[in-house]
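The block underneath contains the structure these notes are about, expressed in structure tokens.
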Amino acid sequence: MGYTTPMRIVKPFVLLAFLALIVIASINFANQKNLIPNTLLEGKPYQLAQQISQQTNSAITTIQPTIKKVQEVSSQSGTVLGSIIQVNEGDENRQPHEKALDYAQYMYCKQVVDQWDKAEATKQTSQE
């Protein structure tokens, strides 16, 4: 199942935040193990890394409710679409002429709906 459009927008930000957290955690771990000289960490790069970490954490906490809502909407829409679009297993046992009749009825109904939509659209444009 592919990602929905909001997930395509959110996914890169989440991955960037995750990557930034890994980098910050690696720097902190190296600092605790004294693998990096202290003079390097007292300068601007370390301060910038801490600021980036704080900003990504705040961004993640801001985005999390939206991500949860997007997941709920996508699961609900999948449930609705799953209940609407169902494969009729009895179609395999039907005769071709019965399938053709059903398709003709579908095409007729579709044509009626399309004509009604066109009439409503012209009605809307004439009223404006």
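Miscellaneous remarks
- The stretch 98-122 residues that are surrounded by 10 or more Cβ atoms within 10 Å (Cβ to Cβ), paired with ones that are at pLDDT 90 or above (beta carbon under 8 Å, 6 or more apart): none
- If you go through the stretch 22-52 and keep only what is modelled with pLDDT of 80 or more and either surrounded by 12 or more Cβ atoms within 10 Å (Cβ to Cβ) or within 29 Å of Ile9 (Cα to Cα) (or both), you end up with Ile22, Val23, Ile24, Ala25, Ser26, Ile27, Asn28, Ala30.
- In the stretch 12-27, the residues that are among the aromatic types (Phe, Trp, Tyr) reach residues that are surrounded by 14 or more Cβ atoms within 10 Å (Cβ to Cβ) with C-beta atoms within less than 8 angstrom, at least six apart or across chains, in these pairs: Phe13/Ala59; Phe13/Ile63.
The values are calculated or read from the model by the stated rules, or taken from the named source; none is laboratory data. Remember, predicted model here, so these are calculated numbers, not experimental data. Note that each Cβ is placed from the backbone with ideal geometry, even for glycine, and that neighbours are counted across all protein chains shown.
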